[in-house]
Amino acid sequence: MRSAIFTEVIEVYEDPDRASHRVAELIVATAQQATAARGRFDIALSGGETPRTLYSLLATEFRARIPWHKTHVFWVDERCVPPDHVESNYRMVRETLLDHVPIPPANIHRMRGEEEPERAAREYERLLRDHFGDAAPRFSFVSLGMGADGHTASLFPESPALDEKERLVVAVYVEKLRAHRLTLTPKAINSAARIVFLVFGREKAEALRIAFDETSDPRRAPTKLIRPHAGELRWIVDRAAMPNNS
Ligand code: 6PG
C-alpha cells in the first residue's frame, strides 16, 4: 500500500484465463453499481495483446450481464493510425468486443488516430469535458496494461507526458517506436472510481518488480503515477508475471 487515501489490491491468478475472468466479473459489478448510482457506466479501455481475452469474454460469456445501452466506452490510448489499421486500438476493441454487443454507436468514443496528433488530443479532451463536465473525468472503470519497459497507457518512461498536470489528453512521440500516440494523462485516469492493471507473462516480471518497489523513480516506472484520488487500484496479475517467480 503506497498511500492511505486509496485502496491498492494485488491479486495473483494461476493463468491469464482465470485472471481475465476475474476482471470481467469486476467490470460487471462496477457496471451494475455505476448504473444504479448514476444511470451510466463509463469505461476506458486499453489496447495491446493482454486484454483480448477479457474483451472476448465480455462479448460472450458476460455479454448479458452488462447494461450496454447505459455503457459508454472510451480509450486510454491510441496509436496514430486510421481506425481500420491493424495497429489501431479502436479496431482491436471493435473486433473483439463492440461488434458483438448491443452498444449504441453514439456511446462509442474513440480517439481519432487518423488526425494530426495534437489536434486529435485536444479534440478528445473536449469530448471528455463535454461528457463529464469541466471537472476531471470520473470514469467508473479504467482498464490498464503495462509494457515490459514499464509504460502504461502511452505514458512511457522519461516522457514529458509524465509531468503533465493540466491536460487530460496529450499527443506523445515515442522515440523507440518512431511513432506518435495519443494518451490519457495521469490526471485524467486518477479521478476514476476503479482502476485495474492487467499484467501477464514472465517478460513483465522485472517491470512489475520496479513498479512495486517503494523506492523506484516514477520516471522509470510510470505506473507509479497512477494513484486514484478517491477510488480503488487493483493489480490482476498472472503467476508468471510475479517478481521472483522462478
Ligand atoms: C497500447 C496500450 C499499452 C498496453 C501495453 C501492454 O496501445 O499498446 O494501451 O499501454 O497496455 O503496451 O501491451 P501488451 O498487452 O501488448 O503487453
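The values are calculated or read from the model by the stated rules, or taken from the named source; none is laboratory data. Keep in mind it's a predicted model, so treat the numbers as computed, not measured. Counting neighbours? That spans all protein chains shown, and the Cβs are built from the backbone with ideal geometry, glycine included.
Please name all residue pairs, on different chains or six or more residues apart, with Cβ atoms under 9 Å, provided the first residue is in segment 192-206 and is at positive phi and the second residue is part of a loop (DSSP other than H, G, I, E, B) and near the ligand (Cβ under 8 Å from one of its atoms). Final answer for the pair search is GLY201/THR50; GLY201/ALA148. Based on this model, can you work out whether ALA221 counts as touching a helix residue (DSSP H, G or I) at 6+ places or on another chain (Cβ under 7 Å) and touching a residue at least 12 places away in the same chain (Cβ under 8 Å)? Criteria met by ALA221. Pairs linking a residue in segment 9-24 that is farther than 21 Å from PRO228 by Cα to a residue that is modelled with pLDDT of 95 or more and among the small types (Gly, Ala, Ser), with Cβ atoms under 7 Å and 6 or more positions apart or on different chains, are TYR13/ALA19. Scanning segment 203-228 for residues that are more than 13 Å from THR152 (Cα to Cα) and outside any loop (DSSP other than H, G, I, E, B) yields GLU203, ALA205, GLU206, ARG209, ILE210, PHE212. Looking at segment 23-87, the strands (runs of 3 or more DSSP E) lying wholly inside it that each contain 1 or more residues that are among the charged types (D, E, K, R), more than 16 Å from the ligand (Cβ to nearest atom) and touching a helix residue (DSSP H, G or I) at 6+ places or on another chain (Cβ under 9 Å) sit at 41-45. Test GLU166 against the criterion of being surrounded by fewer than 15 Cβ atoms within 10 Å (Cβ to Cβ) and within 12 Å of the ligand (Cβ to nearest atom), and give yes or no. Criteria not met by GLU166. Of all residues in segment 183-197, at least one satisfies being crowded, with 20+ Cβ neighbours inside 10 Å, within 12 Å of the ligand (Cβ to nearest atom) and polar (S, T, N, Q). Being surrounded by 17 or more Cβ atoms within 10 Å (Cβ to Cβ), in contact with a helix residue (DSSP H, G or I) (Cβ under 6 Å, 6 or more places away or on another chain) and not β-branched (Val, Ile, Thr) is not true of LEU98.
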